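Chemist: Pasting in a structure now, in structure tokens, and then I'll have a few things to ask.
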Amino acid sequence: MSLIVQKFGGTSVANTESLQVVAQRIIDCKNKGNDVVVVPSAMGSSTDELINLAHELSSKPSPREMDMLLSAGERITMSLLSIHLNSLGYKSISLTGSQAGIITSSRHGKAEIEEITGERVREGLSSGNIVIVAGFQGFNRDTREITTLGRGGSDATAVALAAALGAERCEIFTDVDGVFTADPRVVNDAKLIEEISYDEMLEMASSGAGVLMARSVEFGRRYNIPIIVKSTFTNNKGTLVTEKTMEEAIVSGVTHNDKEIKFTLYGVPDQPGIAGKFFGALSESGINVDMIVQNVSKKSITDISFTAPVDQKSDVEEILSKVSKDLNAEGYDIDENVARVSIIGAGMKSESGVASRMFNTLGKNSINISMISTSPIRVSCVINRKDTKKALESLHKEFIS
Ligand code: ADP
Ligand code: ASP
Ligand code: MG
């Protein structure tokens, strides 16, 4: 008997009608003779609504209480789904992350899965249940606290569970037909990708393709779990994320991230150890620094620019204002009107001139580039946010369609 993990995202479980569609998918999988573990997200945009409620009452709610609050979203879905499956005559049991033995680090709001004991999941399966595990949450042994895994974290729950339980595959059901060559809600010509490697998917997810959380792809790659991304509402085959694909396209996808902002620290002494001190302070506070550019000037002072998620703006600002004084810097600046566009493709490794083609395409469209970063299979440019759609469409046209 095979074990399959099925994850359903927020839109797929937004109301009781959708929950009935989801239940049918689970039943179909079970009736084919599989053991099924289900990971649901919170209903619709309820996580956002819970965050808004907290901010109506406090400008800086405690991270512990936020995790208590947000973990409730997935608990609602898991129990409703189980109630419905039971009513249809199927044995099922719902478990919170901590009941399922999802052990995480202690960092509230961004905890990392360290281990999955999974005893109650195995027990539930062996007594014939469909086991439903609340996504996005876990438990830390030292602090004895409930944690959450960061936005989109149910994907990580699902793939990590698939690895821990030795599942045959992990199916991620969402509101689009799979992974596309660009966000299909922004680029009309975006095409469904039938197969993509973990490496490329990881670069796509970490540079803005929100269809999968990057950490879920990391789990898939580490434990070699095939991940299938497909729609809850259509019967399309979807996208297989796997180790090797038949063909390595020069550019497989174009992504964007407009949820980051750019910070610049001006007039910092150009001395050894300064960058270490500065970025050390940011990483100790859990800031996810992304692109970094340092300019060296002739007068032994320099400017350092970097991007970080917009929801960490006030934390970054606090550190910037302190470090700026400590390092005797001239000051700092925040630019919220930026976006990052990236091209990703494994075939880039053996093809020269891809980066310059990207810069030329942006240039021809009068789009200014303010920062650049690369990996062996990705080139990213920070541009003005208002140019995002134009940049994506022109890059997609140049490299894909
Ligand atoms: P879920 O709630 O099911 O987890 P998400 O909203 O997290 O769904 O992810 C699905 C969304 O990801 C799609 O609606 C789509 O707009 C967005 N997306 C961004 N880039 C891509 C891409 N390259 N391929 C498919 N979807 C993408
Ligand atoms: N409900 C959480 C979120 O909205 C986790 C998830 O949906 O994956 O981010
Ligand atoms: Mg998601």
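The values are calculated or read from the model by the stated rules, or taken from the named source; none is laboratory data. Since the model is a prediction, treat every value here as computed from it, not as a measurement. Cβ: placed from backbone, ideal geometry, glycine included. Neighbour counts: every protein chain shown. Just so you know, the surface numbers come from the protein's heavy atoms only, side chains and all, with ligands and any DNA or RNA stripped out. Shrake-Rupley method; radii C 1.70, N 1.55, O 1.52, S 1.80 Å.
Chemist: Can you give the alpha-carbon Rg of segment 1-92 over 2.2 N^0.38 Å, where N counts its residues?
Modeler: Compactness ratio reported: 1.26.
Chemist: When all protein chains stay in place, what accessible area (Å², nearest 10, 1.4 Å probe) is found for D189?
Modeler: 90
Chemist: For R385 and L69, compute 0.36 nm times the residue count separating them, minus their Cα-Cα distance, and round to one decimal in nm.
Modeler: My answer for the length gained is 110.5 nm.
Chemist: From the protein chains alone at 1.4 Å, what is the descending order of accessible area for R185, R75, largest first?
Modeler: Output order, biggest surface exposure first: R185, R75.
Chemist: Here is a further query. Which entries in K262/K299; K349/K386; K110/K259; K259/K389; K30/K191; K313/K389 show an alpha-carbon gap greater than 20 Å?
Modeler: Values: K262/K299 24 Å; K349/K386 31 Å; K110/K259 17 Å; K259/K389 14 Å; K30/K191 31 Å; K313/K389 24 Å.
Beyond 20 Å: K262/K299; K349/K386; K30/K191; K313/K389.
Chemist: Something else now. Leaving ligands and nucleic acids out of the surface, order R385, R222, R25 by accessible area at 1.4 Å, largest first.
Modeler: Sorted descending by solvent-accessible area, the residues read R222, R385, R25.
Chemist: Please find, in a Gaussian network model of the chain (springs between Cα atoms separated by less than 10 Å), the residue of G124, G276, G267 whose mean-square fluctuation is greatest.
Modeler: G276
Chemist: Quick check: the angle from helix 214-223's long axis to the longest principal axis of the chain, C-alpha only, nearest 10 degrees?
Modeler: 60
Chemist: Can I ask one more? Starting from the Cα-Cα distance between T264 and M1, subtract it from 0.36 nm times their residue separation and give me the gain in nm to one decimal.
Modeler: 89.1 nm
Chemist: Sort 321-333, 130-142 for me by packing, meaning the mean count of neighbouring Cβ atoms within 10 Å per residue, highest on top.
Modeler: On the way: 321-333: 14.2, 130-142: 24.7.
Those peptides, ordered most packed to least, come out 130-142, 321-333.
Chemist: Once amide H atoms are built 1.01 Å from N in the peptide plane, which residues 5 or more positions from S252, or in another chain, come under 5 Å H to H?
Modeler: Distant-sequence amide H within range of S252: I344, G345, A346.
Chemist: With the other protein chains left in place, how much accessible area per residue, in square angstrom, belongs to the chain at a 1.4 angstrom probe?
Modeler: 46
Chemist: Quickly rank 394-400, 249-255 as a protection proxy: mean count of other C-beta atoms within 10 Å, highest first.
Modeler: 249-255, 394-400
Chemist: Follow-up question, since we're still on this one. Just to check I understand the Karplus step: with θ = phi - 60° and J = 6.51 cos²θ - 1.76 cosθ + 1.60, what whole-Hz values come out for segment 235-251, glycine and proline as x?
Modeler: 9, 5, 5, x, 10, 9, 9, 8, 5, 10, 10, 4, 10, 9, 5, 5, 10
Chemist: Calculate what fraction, in whole %, of the accessible area of segment 262-363 sits on carbon and sulfur atoms when a 1.4 Å probe is rolled over the protein chains.
Modeler: Roughly 46 percent of what the probe reaches on segment 262-363 is carbon or sulfur.
Chemist: Hey, what number do you get for the chain at 222 nm if only DSSP H runs of n ≥ 4 count, each worth -39500 (n - 2.57), divided across all residues, to the nearest 500?
Modeler: That comes out to -11000 deg cm²/dmol.
Chemist: Right, something else. For I130, list long-range residues whose amide hydrogen, built 1.01 Å from N in the peptide plane, is under 5 Å from its own amide hydrogen.
Modeler: Residues meeting the criterion, in which the H sits 1.01 Å from N, are K91, S92, I93.
Chemist: Determine the share of segment 166-207's accessible area contributed by carbon and sulfur atoms, expressed in whole percent, with a 1.4 angstrom probe.
Modeler: 38
Chemist: Over segment 218-335, what relative contact order in percent results from Cα pairs under 8 Å that are six or more residues apart?
Modeler: 28
Chemist: Which residue, L212, L125, L88, has the most motion in a Gaussian network model of the chain that connects Cα atoms within less than 10 Å?
Modeler: Checking each option, the largest mean-square fluctuation is seen for L88.
Chemist: Counting DSSP beta bridges in segment 89-178, what percent are antiparallel, to the nearest 5?
Modeler: If we restrict to bridges inside segment 89-178, about 60 percent are antiparallel.
Chemist: Let me ask something else. So how far apart, in nm, are the two label points at S401 and D315 if each is 7 Å from Cα heading toward Cβ?
Modeler: Going by the 7 Å Cα→Cβ label model, 3.8 nm.
Chemist: Something else now. Would you please state which residues of segment 256-280 a label at E330 would reach in this model, taking the label point 7 Å out along Cα→Cβ and a backbone N cut-off of under 13 Å?
Modeler: Residues passing the 13 Å test: 265-270.
Chemist: Also: Cα axis of helix 63-87 to longest principal axis of the chain: angle in degrees, 0 to 90, nearest 10?
Modeler: Once rounded, the angle reads 30 degrees.
Chemist: What are the ³J(HN,Hα) couplings of segment 196-207, residue after residue, when phi is run through the Karplus curve with 6.51, -1.76, 1.60 and θ = phi - 60°? Round to Hz, x for glycine and proline.
Modeler: Per-residue couplings from phi come out as 9, 7, 4, 4, 5, 5, 5, 5, 5, 5, 6, 9 Hz.
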